[in-house]
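Beneath this line is the structure, given in structure tokens, with notes to follow.
The values are calculated or read from the model by the stated rules, or taken from the named source; none is laboratory data. Everything numeric in this text was worked out from a predicted model, so none of it was measured. Because the Cβ atoms are built from the backbone with ideal geometry, glycine has one as well, and the counts that use them run over all protein chains shown.
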Amino acid sequence: MGSITDTIGDLKVIYNKVTAKQPPNDEIMSFALLVNNNAKKNPTDVALFCEDEPVSWQELNQRSNRVANYLKNQGITSGDCVSLFMQNRTEVVVNIVAICKLGAIAGLINSNLIKQPLTHCINLVDSKKCIFGAELTEPLAEILDDLNLKDPSDYILVKDTGEEEVPDWATTIDSTDNSLDATDPPEINNVTIGSVAFYIFTSGTTGLPKAAVVTHRRIFTGAKLSHTALLRLKQNDRVYNCLPLYHGTGLIIGLAAAFHASAATVIRRRLSVSAFWDDVRKYQCTSFIYIGEFIRYLMAQPPKKDDADNPIRSIVGNGLRPDIWLEFKERFNIDRIGEFYAASEGNGGFANVFNKDCTVGLGISPVKIVQYDVANDEIVRDNNGNCIEVMEGDPGLLIIEVTETSKFDGYTTQEDTDKKLLRSCFTDGDVYFNTGDLMRTLDVGFTYGQTHYQFVDRIGDTFRWKSENVSTNEVGEIINGCAEVISTNVYGVEIPGTDGRAGMAAIVFNDGASSDQIDLAALSEHINDNLPGYARPIFIRVLEELPTTTTHKLQKNELREQAFHLDQVEEEILVRDPSTGLYKRLDSDFYDRVMRREIAF
């Protein structure tokens, strides 16, 4: 946990970061300028490793200059949006930096999108060009007729293996082509910290994705915090980053933090659990970027004698749940876990700079936790119409005040921006950002009067059953404590003739086992002994793998919609028999009795 001296040092670090005077919006500072500066100071040091290809700071700068000058000759100027649709590889970084050098905006498109969502994202941000990887030619070709870009010069292909043909509806560019202009474009000296750098898209779980506005200021705030207070990076460190660079965690908390520290980054196209630790040791990485669910994947691997023998010193990310925190930290000999809470479009967050266990740490913006009625899906207000703060330790809705130092940059449309704001919460005219998340304060021991916080659940994930609010995350953590369970995703489902939503859990058992290969009595006993009656899942769906987003977060929308209905689910479903308290296979006879409201849960 660190000594008292370390704790005082942590406090000074976070205090300096939070209270430091913010540079004015017109100050010249940008994501791309970090690369320029590192190329001048450390030209031959390695900036990136990807697929065994090392790229120095000087080479990264020159390659991004070639693309920037090409785009400039094509008419791209400050404020224009260039969409980028490519898998994680060196060229993603080259092109992001290139776009930012001109003061243009990189529209970072999820490389897994197809059809309508892909069309929507490219058109939404009024793209002037679309740079795409050859590996994604097919999904882009399918939607050409629906895109606003019509000229072949608007589509710029970046080769992958080098053997791909350029389609007749596109042009191409090679950042390693020495015949192209590799000088720094003068526009880089005009890009201000207050200007927009990226559009990062929401997951689209409640509709088509929205484009969150990310300024260079937001990048520097996140990068500095990650570099100095969470990862504690030095120039000779190497950061392993297998998260997608179209997402804020991988791009800002990971890549930009390494840029800020002049440290090297190891990029991987996607997470490989089997290759993870081999990669870390091969490249001698001292830090890595995580999402909680992929930590769970690492923990699900059979223990090895050399698990603790790795060069990792610090990690940073979000979603690492308390049920595996300590075990993971001990098994892999991790000294510092920089768990944080933030959103790409949010105006504040939390950071675990004290290296305390099982917490997202300190708030870095003015926040309130207010009472929320889960059953009616609304904020509780008093007779004067004001929000009501919860008691210490109680869960409630997290709202973050919008101030000069915690601005909400919003989305590309005013309508979407307005939906996320709450007004006159405590006084007339005040404005708060609605995070949509339930949080609580956490007592982690003496930390110089600083309040620590813990994530509880998403509003839509918490459900009400038998007049009690049920946190899906907390139930999932309990079930994950069963020896035969690898991972659990909990959600609420409707049962005919009942009020609220009953609990249902999608579970992956060890080695992908089915119900006849596990001890159902032991599973039932574990759930009955560790969960109150209202929180025990009524149904269990047995899966070989839990569905996740491309950033390794659990998906539950489709699971929730299919619920326990046998005609919509191919996998095995278990039901908790209320007469015995034991789980058994759900057959058509029992299902029909449930639907006829003959079973009293």
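Looking at R270, is it under 19 Å from the mean Cα position of the chain (by Cα), surrounded by fewer than 18 Cβ atoms within 10 Å (Cβ to Cβ) and in contact (Cβ under 8 Å) with a residue 12 or more places away in the chain? Spelling it out, R270 is indeed under 19 Å from the mean Cα position of the chain (by Cα), surrounded by fewer than 18 Cβ atoms within 10 Å (Cβ to Cβ) and in contact (Cβ under 8 Å) with a residue 12 or more places away in the chain. Within segment 522-536, which residues are small (G, A, S) and over 12 Å from I479 (Cα atoms)? Matches in segment 522-536: G533 only.
For Q116, the conditions (1) surrounded by fewer than 22 Cβ atoms within 10 Å (Cβ to Cβ); (2) modelled with pLDDT of 95 or more all hold with the exception of (2). Contact annotation: residue pairs with Cβ atoms under 7 Å, 6 or more positions apart or on different chains, pairing a residue in segment 115-137 that is within 17 Å of I105 (Cα to Cα) with a partner that is in a helix (DSSP H, G or I), are K129/L71; K129/D154; C130/I122; C130/D154; I131/N95; F132/L140.
Looking across segment 152-184, the residues that are within 22 Å of E142 (Cα to Cα) and among the charged types (D, E, K, R) come down to D154, K159, D160, E163, E164, E165, D168. The residues on offer are L124, L149, and the sole one that is within 29 Å of the chain's Cα centre (by Cα) and within 27 Å of G410 (Cβ to Cβ) is L124. Considering only residues in segment 345-358 that are surrounded by fewer than 24 Cβ atoms within 10 Å (Cβ to Cβ) and either modelled with pLDDT of 90 or more or of a type in the set (S, T, N, Q) (or both), the one that is nearest to the chain's Cα centre (by Cα) turns out to be C358. Which residue, of T403, T435, is hydroxyl-bearing (S, T, Y), more than 30 Å from A521 (Cβ to Cβ) and in contact with a strand residue (DSSP E or B) (Cβ under 6 Å, 6 or more places away or on another chain)? Only one candidate passes the filter, namely T435.
Yes/no per residue for (1) modelled with pLDDT of 95 or more; (2) crowded, with 21+ Cβ neighbours inside 10 Å; (3) out of contact with any Ser or Thr (no Cβ under 9 Å at 6 or more places or on another chain); (4) among the basic types (K, R):
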position: C130; (1), (2), (3), (4): yes, yes, no, no
position: T137; (1), (2), (3), (4): yes, no, yes, no
position: L140; (1), (2), (3), (4): yes, yes, yes, no
position: L144; (1), (2), (3), (4): yes, no, yes, no
position: S153; (1), (2), (3), (4): yes, no, no, no
position: S195; (1), (2), (3), (4): yes, no, no, no
position: L225; (1), (2), (3), (4): no, yes, yes, no
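If only residues of segment 426-454 that are assigned to a loop (DSSP other than H, G, I, E, B), of a type in the set (G, A, S) and at pLDDT below 90 are counted, the one that is surrounded by the most Cβ atoms within 10 Å (Cβ to Cβ) is G445. Among the residues of segment 380-397, those identified as of a type in the set (D, E) and within 31 Å of the chain's Cα centre (by Cα) are E389, E392, D394. Considering segment 67-103, the residues that are touching a Cys at 6+ places or on another chain (Cβ under 7 Å) and either under 18 Å from A256 (Cβ atoms) or not hydrophobic (A, V, I, L, M, F, W, C) (or both) include one that is surrounded by the most Cβ atoms within 10 Å (Cβ to Cβ), namely S83.
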